[in-house]
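*Asks:* Mind looking over this structure? Questions follow.
The values are calculated or read from the model by the stated rules, or taken from the named source; none is laboratory data. It should be emphasised that the depicted structure is a prediction, and the values quoted were computed from it without experimental measurement. Cβ coordinates were reconstructed from backbone atoms using ideal geometry, including for glycine residues, and neighbour counts include every protein chain displayed.
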Amino acid sequence: MAAAATMLSIQGDWDQVLREAEGEVWVSCRIPGKPTIRGSLTSKGISSDEVPEVTASEEFVVQEVTKNRITVSCPEENISSTFLSPYASFSHIHEKNVSYLDISSGGDLGVSSSTDQTFKVWETHNTEVKSVLEGHTRDVFSCKFFPSGQEVLSGGLDSLVKVWSVNDGSCLATMKGHRGSILDIAVVADGQNVISSGQDGTARLWDSAQGACIAVVDDSYSPINAIAVAEVGNAVNLGSPKEIPSSREVGTEGKLVVLAREDKSLEGVSLHSRQSFLDFEDSDAFNCCTFISSVGVLAGGLDGNIIHVDIRNPKSAVETVSWSETPVLSLVPFRDTYVASYGNGTCYIPLKGSEQVLQLTGPNRQPVFQVI
């Protein structure tokens, strides 16, 4: 397991507290193998442009402050971090924890599921609920927009994969075949095919219009916690199918699906030929995975590790980092880097070419299940 990095942390609602006169928030520096350095930041007033004037206790230095951003350093450990607060917060869509969410390609619509057993499509500019999707009999674990933005794909605890109309909330197709909860889903190309993974250890390719299973892409005893699909081009030879593919199979050529498993393994399978091209094992279960390039895969573990694997040389990791000792719950590519969310409510964006890390704040120690 990779040693956790030295990291700065700040009180989740710092932006609100520091707008108050004499408002005070905690700040800390966690150093592996050494006592945590603890201190505080105090507001001494608000400037004419509504930016707080902040001073730090002797262990820390405030380098920069804006309305939504603060940069703090710990000179003793030669480390600094920038914390970014939310620009908007949507609190009335669900009554309990948000389990999963996605944003349409155009950015105008969001879809989310909650432990309050609601599943909704809403408008991002005003959070008005556009449609309530009703049909899953138990919690929805995963939901994603199709590229068109007109349909939503979902998978739930009830073992069903469903396709929904965004406009009227009707269920357009239901896919049955998994013998346990659906843990993740992905849309292939334009969405004529979709793929799902489950507690039963299978990954299945579906005809999304007919709701029919085209193939079981992978089958093992271990639950597949997450999947990621990408075009890898000529980076590796994905082989040819042993049998003539179904006419319903569309857009699978040249694509690799990565499977993040509970048994501590990361597997890559050609969607078209069904041949395995990646088999990597780590120290703990994998919770999430994503492509960061046509050859680079990131996978996050229960132990807090983030593993970078090159599919051309998958036997050893390119890099292993650990921003937190709590489980990695979500990974998503972002510009030339990525965003990682953790079970303790932290979200990190490592800045390329720098040792500095941007942290998204606000969850206040509650798990962040999904970043998009």
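*Asks:* For the range 266-321, which residues satisfy the criterion of being of a type in the set (S, T, N, Q), surrounded by fewer than 19 Cβ atoms within 10 Å (Cβ to Cβ) and part of a strand (DSSP E or B)?
*Replies:* Answer for the range 266-321, where residues must be of a type in the set (S, T, N, Q), surrounded by fewer than 19 Cβ atoms within 10 Å (Cβ to Cβ) and part of a strand (DSSP E or B): SER276, THR320.
*Asks:* Any residue in the range 81-99 that is outside any strand (DSSP E or B), assigned by TED's automatic domain parsing to the domain that holds PRO350, in contact (Cβ under 8 Å) with a residue 24 or more places away in the chain and more than 30 Å from PHE119 (Cβ to Cβ)?
*Replies:* Looking for residues that are outside any strand (DSSP E or B), assigned by TED's automatic domain parsing to the domain that holds PRO350, in contact (Cβ under 8 Å) with a residue 24 or more places away in the chain and more than 30 Å from PHE119 (Cβ to Cβ), one finds none in the range 81-99, hence no.
*Asks:* Next up: So, of the residues in the range 167-219 that are within 17 Å of ASP139 (Cβ to Cβ) and either outside the structural domain of VAL232 (by TED's automatic domain parsing) or β-branched (Val, Ile, Thr) (or both), which turns out to be farthest from the chain's Cα centre (by Cα)?
*Replies:* THR174
*Asks:* Going through the range 24-52 one residue at a time, which ones are farther than 30 Å from ILE307 by Cβ and modelled with pLDDT of 95 or more?
*Replies:* GLU24, VAL25, TRP26, ARG38, GLY39, SER40, LEU41, THR42, SER43
*Asks:* Could I ask something else about it? Out of everything in the range 103-113 that is outside any strand (DSSP E or B) and of a type in the set (Ser, Thr, Tyr), what residue ends up being surrounded by the most Cβ atoms within 10 Å (Cβ to Cβ)?
*Replies:* SER104
*Asks:* Okay, next question. Can you name every one of the strands (runs of 3 or more DSSP E) wholly within the range 114-230 that holds 1 or more residues which are of a type in the set (D, E, K, R) and closer than 22 Å to PRO367 by Cα?
*Replies:* 119-123, 140-145, 182-188
*Asks:* Related question: Find all pairs meeting these conditions: Cβ atoms under 9 angstrom apart; at least six residues apart or on different chains; first residue within the range 319-336 and of a type in the set (A, V, I, L, M); second residue modelled with pLDDT under 95 and in a strand (DSSP E or B).
*Replies:* Filtered contacts from the range 319-336: VAL321/PRO350.
*Asks:* Same structure, new question: Taking interchain pairs and intrachain pairs at least six residues apart, which have beta carbon atoms under 6 angstrom, with the first residue in the range 42-69 and within 13 Å of GLU24 (Cα to Cα) and the second among the small types (Gly, Ala, Ser)?
*Replies:* Close Cβ pairs satisfying both conditions: SER43/GLY23; PRO52/SER43; GLU53/GLY45; VAL54/SER43; SER57/GLY39; SER57/SER40.
*Asks:* Just wondering, is there one or more residues in the range 200-208 that are within 24 Å of ASN313 (Cβ to Cβ), at pLDDT 95 or above and not polar (S, T, N, Q)?
*Replies:* yes
*Asks:* Another question, then. Check whether at least one residue in the range 122-129 is crowded, with 20+ Cβ neighbours inside 10 Å and aliphatic (A, V, I, L, M), and report yes or no.
*Replies:* no
*Asks:* A further question follows. For the range 1-27, how many residues are assigned to a strand (DSSP E or B), of a type outside the set (A, V, I, L, M, F, W, C) and farther than 13 Å from SER324 by Cβ?
*Replies:* So the count comes out to 1.
*Asks:* Output the residues belonging to the range 199-232 that are without any contact (Cβ under 8 Å) to a residue 40 or more places away in the chain, more than 23 Å from PRO147 (Cα to Cα) and touching a Leu at 6+ places or on another chain (Cβ under 9 Å).
*Replies:* GLN199, VAL216
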